[in-house]
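Engineer: Pasting a structure below so you can have a look.
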């Protein structure tokens, strides 16, 4: 009977959520009256599909696994039911009643802004725990007691290890952008934080994409979650116009500058259609370089990445949101959760290393039902990552012609091929000179019997280089006084000795390929000093 009763209960809940996907007003979601009033003041009337699907089970206390593409309102999907649940009760010092974990500071700050918007008629408190901010100010808020704690994993654990935080009273725990948590290596921290919270907590997982390993994580951390998937996994918005330019530099050493020139040209071609844009780069150094390049050529641009001071990052984001800044050059720190509804263009200066990041990047445009446009630059080395992106989104990205294609070809013809041909002409010359030197070094082997021929050949060998000629003159001066005194036997011995040395020198030249001046260093050179000849003569006489 108990099993039959359990089976009877299951079908009643699941269709209930599917039917609520078609709800058209927030008033049908059983939210608190003060929350509904704040929603109305914010100008929202109709919930998005993820909100309509996730809010009802969250209000009932169930665990929720929400999967939706970026820009569909996932933040409100957990903030609204969490506020309603926390409207009853009171927080105690150092013991927050709910916890929201975010992968980046910007996303955590955005969640805090949403919390302020929807709690304007309620007496709920919050604390934002992120890096780059003084511990002292955060400690003061925690000591007073907060209803909602919004934090990045690292700063949260820092406060806990300092004894400033107790997580045993957490009723609701939210992991926002769960897949990004995995990518950034936060899983050990997340597992530790889960161990510090009560087992009876309610857990909400929200993400734009769900990697296969997240299924394993949810089986560990979530208990019979309501799975709300309102968009195909890793899908891109249909209202976003996507393009890619296959870029190949004229020369390897000019690739970076020509790629920045291509970016500027594409921005110019958009003209008045481009109100503001985000340019994404894979590396922080490229963010700074591209930003400086745009500013150098008169574009209103500023960088944002994780190495900048938090105050500078906040000021840059505020300027971009307020319309004072036209182009934001960013790393993937801005790809997750950055909510600027009016972004018209996204330029991917680099193909993202992880295909899932492409979905998040282009999700910064085309938000709230608006149209958006994205253009990606793909170099030959990025074609593998580009293929992964197309495989992930399940469609081919239209190709755009390179507007600098003819210029690149001209530069290739004038500045690349010509030097290459010149270099190719130089190489045979060097080869011929080496071969001629090699042939010259072989001549003494053909005249080992004639000392006069050897003298002429040695003079011929010594002619090409001035330094060798100088050495030859000094050796000739040494040889001059002894030639009349040498006997025929001494001359013959010297000739035999020079012939032997020439053979050794020739074989050494063939084996090691040394230059002529190096060959003369081997042994004693072409001329035998007189004292060695005399010594040799005395030994032979004895």
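The values are calculated or read from the model by the stated rules, or taken from the named source; none is laboratory data. All values derive from a computational prediction rather than experimental measurement. Cβ placement follows ideal geometry from the backbone for every residue including glycine, while neighbour counts extend to all protein chains displayed.
Engineer: Confirm whether residue 68 is modelled with pLDDT of 90 or more and in contact with a helix residue (DSSP H, G or I) (Cβ under 7 Å, 6 or more places away or on another chain). Quick ask: steps written out before the conclusion?
Structural biologist: Numbers: modelled with pLDDT of 90 or more: no; in contact with a helix residue (DSSP H, G or I) (Cβ under 7 Å, 6 or more places away or on another chain): yes.
So residue 68 does not fit the description; no.
Engineer: Condition check: out of contact with any strand residue (DSSP E or B) (no Cβ under 6 Å at 6 or more places or on another chain), at pLDDT below 85 and surrounded by fewer than 19 Cβ atoms within 10 Å (Cβ to Cβ). Does residue 353 satisfy that? Walk me through it before giving the result.
Structural biologist: Working: out of contact with any strand residue (DSSP E or B) (no Cβ under 6 Å at 6 or more places or on another chain): yes; at pLDDT below 85: no; surrounded by fewer than 19 Cβ atoms within 10 Å (Cβ to Cβ): yes.
Considered against the rule, which asks whether it is out of contact with any strand residue (DSSP E or B) (no Cβ under 6 Å at 6 or more places or on another chain), at pLDDT below 85 and surrounded by fewer than 19 Cβ atoms within 10 Å (Cβ to Cβ), residue 353 comes out as no.
Engineer: All but one of (1) over 24 Å from residue 329 (Cβ atoms); (2) within 25 Å of the chain's Cα centre (by Cα); (3) assigned by TED's automatic domain parsing to the domain that holds residue 181 hold for residue 217; which doesn't?
Structural biologist: (2)
Engineer: Okay, next question. Counting just the residues of the stretch 122-140 that are under 16 Å from residue 111 (Cβ atoms) and touching a residue at least 40 places away in the same chain (Cβ under 8 Å), which one comes out farthest from the chain's Cα centre (by Cα)? Full working, then the answer.
Structural biologist: First, pick out the residues of the stretch 122-140 that are under 16 Å from residue 111 (Cβ atoms): 124-131, 133, 138.
From the residues that got through so far, the ones that are touching a residue at least 40 places away in the same chain (Cβ under 8 Å) too are 124, 130-131, 133.
Working: 124: 40, 130: 23, 131: 22, 133: 26 Å.
Here the residue is 124.
For every residue, the table says whether it meets (1) modelled with pLDDT under 85; (2) more than 26 Å from the chain's Cα centre (by Cα); (3) surrounded by fewer than 17 Cβ atoms within 10 Å (Cβ to Cβ).
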residue: 189; (1), (2), (3): no, no, no
residue: 193; (1), (2), (3): no, yes, no
residue: 199; (1), (2), (3): no, yes, yes
residue: 212; (1), (2), (3): yes, no, yes
residue: 224; (1), (2), (3): no, yes, yes
residue: 228; (1), (2), (3): no, yes, no
residue: 237; (1), (2), (3): yes, no, no
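Engineer: Next up: When you look at residue 158, is it without any contact (Cβ under 8 Å) to a residue 24 or more places away in the chain, under 26 Å from residue 39 (Cα atoms) and either touching a helix residue (DSSP H, G or I) at 6+ places or on another chain (Cβ under 8 Å) or not in a strand (DSSP E or B) (or both), yes or no? Give the steps one after another, and end with the answer.
Structural biologist: Details: without any contact (Cβ under 8 Å) to a residue 24 or more places away in the chain: yes; under 26 Å from residue 39 (Cα atoms): no; either touching a helix residue (DSSP H, G or I) at 6+ places or on another chain (Cβ under 8 Å) or not in a strand (DSSP E or B) (or both): yes.
No; evaluated as a whole, the condition is false for this residue.
Engineer: Can you confirm whether residue 109 is free of Cβ contacts under 8 Å to residues at least 60 places away in the same chain and under 37 Å from the mean Cα position of the chain (by Cα)?
Structural biologist: no
Engineer: Condition test on residue 317, is it at pLDDT 90 or above and not in a loop (DSSP other than H, G, I, E, B)? Steps first, answer last, please.
Structural biologist: Numbers: at pLDDT 90 or above: no; not in a loop (DSSP other than H, G, I, E, B): yes.
Taking the combined requirement at face value, the residue does not satisfy it.
Engineer: Here's something else I'd like to know. Among (1) outside any helix (DSSP H, G or I); (2) modelled with pLDDT of 90 or more, there is one condition residue 132 misses while meeting the rest; what is its number?
Structural biologist: Looking at each condition in turn, residue 132 falls short on (2).
Engineer: Which members of the stretch 262-276 meet the condition of being at pLDDT below 95 and surrounded by 17 or more Cβ atoms within 10 Å (Cβ to Cβ)?
Structural biologist: 274, 276
Engineer: If I filter the stretch 278-298 for residues that are under 23 Å from residue 395 (Cβ atoms), buried (at least 24 other Cβ atoms within 10 Å of the Cβ) and in contact with a strand residue (DSSP E or B) (Cβ under 6 Å, 6 or more places away or on another chain), do I get at least one hit?
Structural biologist: Yes, the stretch 278-298 has at least one match.
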